[in-house]
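Report on the following structure.
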Amino acid sequence: MIDDLELVRRWSAVGRVELVGAVAYDLVVSPDIDMEVFTDGTPRVRDGFRVLAELAEHPSVTRARFTNALSTADQGLYWQLRCRDDEGEEWKVDIWTLDQDHPGPLSTSLVAAMRSAVRTEERQRILALKEARADGTARGVASIDIYRAVLDGGVTTPDELEAFLGPDYAPSLTPWLPAPRP
């Protein structure tokens with residue numbers, strides 16, 4: 001999907017493109033691609049809409065969405081595409097355009113840390129919890145909170161995830177990074 005839509009080439013016209021999220025960590029359960037695009041200064045709505053207009057004309061794209069979150073904690077512009085691959089499966093593509101001097105937290109900061117921290121056993125537990133979330137046997141929580149629960153809390157089951165997060169859980173921006181592994 002990344003290559004078919006030429007996402008990196010198209011968004012490179014706006015800024016430096018970084019692949020982040022489950023695809024970058026090889027922890028994909030649901031068809032979801034996440035990217036951060038870093039601009040020179042405050043991201044501009046018109047720049048993103050130029051790219052979105054090109055993408056919306058692609059035959060795979062079925063929906064496009066925009067949110068101006070510059071005045072929120074996210075401090076960026078959010079773009080979402082829905083598209084279908086050759087097998088008819090729907091993919092969600094999330095793109096954040098952010099100032100290159102964004103104070104964070106940023107998903108880009110998590111990529112190298114996750115790649116070095118996740119071993120085979122943790123990968124299996126994370127994927128199992130993400131599958132439980134997808135099929136409804138675990139509460140819908142942010143993926144980063146599943147990663148944190150497995151890597152910091154040793155969580156292995158949906159019930160343990162629930163206990164780890166607590167009854168007042170609400171997803172939020174977090175600067176969490178996994179501890180380095182030897």
Problem set entry | Order of 176, 11 - criterion: other Cβ atoms within 10 Å of each residue's Cβ, fewest first | 176, 11
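Can you tell me, using C-alpha contacts under 8 Å and at least 6 residues apart, the relative contact order of the stretch 118-165 as a whole percent?
Numbers: 38 pairs, mean separation 18.2, N = 48.
Relative contact order, the stretch 118-165: 38 percent.
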Exercise. With axes computed from alpha carbons, what is the tilt in degrees of helix 143-153 against the longest principal axis of the chain, rounded to the nearest 10 within 0 to 90?
Worked result: 30 degrees
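Based on DSSP, what percent of beta bridges with both residues in the stretch 7-103 are antiparallel, to the nearest 5? Numbers along the way, then the final one.
Numbers: 22 of 30 bridges.
Roughly 75 percent of the beta bridges in the stretch 7-103 run antiparallel, per DSSP.
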Exercise. Here are several values of P(r) over Cα pairs in 10 Å bins from 0, in percent: (i) 10, 36, 34, 15, 4, 0, 0; (ii) 9, 34, 35, 20, 2; (iii) 9, 26, 24, 19, 17, 5, 0. Which one was derived from the coordinates shown?
Worked result: (ii)
Exercise. What is the order of 12, 71, 143, fewest Cβ neighbours within 10 Å to most?
Worked result: 71, 12, 143
Problem set entry | Cα→Cβ-extended label distance, 7 Å offset, between residue 80 and residue 63, nm | 0.7 nm
Exercise. Trypsin sites (Lys or Arg not before Pro), restricted to the stretch 1-70: which are DSSP loop and have at most 14 other Cβ atoms within 10 Å?
Worked result: 44
Exercise. How high is the relative contact order of the chain, in percent, with contacts defined as C-alpha pairs under 8 Å that are six or more residues apart?
Worked result: 20 percent
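Only the coordinates and a few stated rules stand behind these numbers; no lab work does. A quick note: this is a predicted structure, and the numbers were derived from the prediction, not measured. Ideal geometry is used to build each Cβ from the backbone, glycine not excepted, and the neighbour counts take in all protein chains shown.
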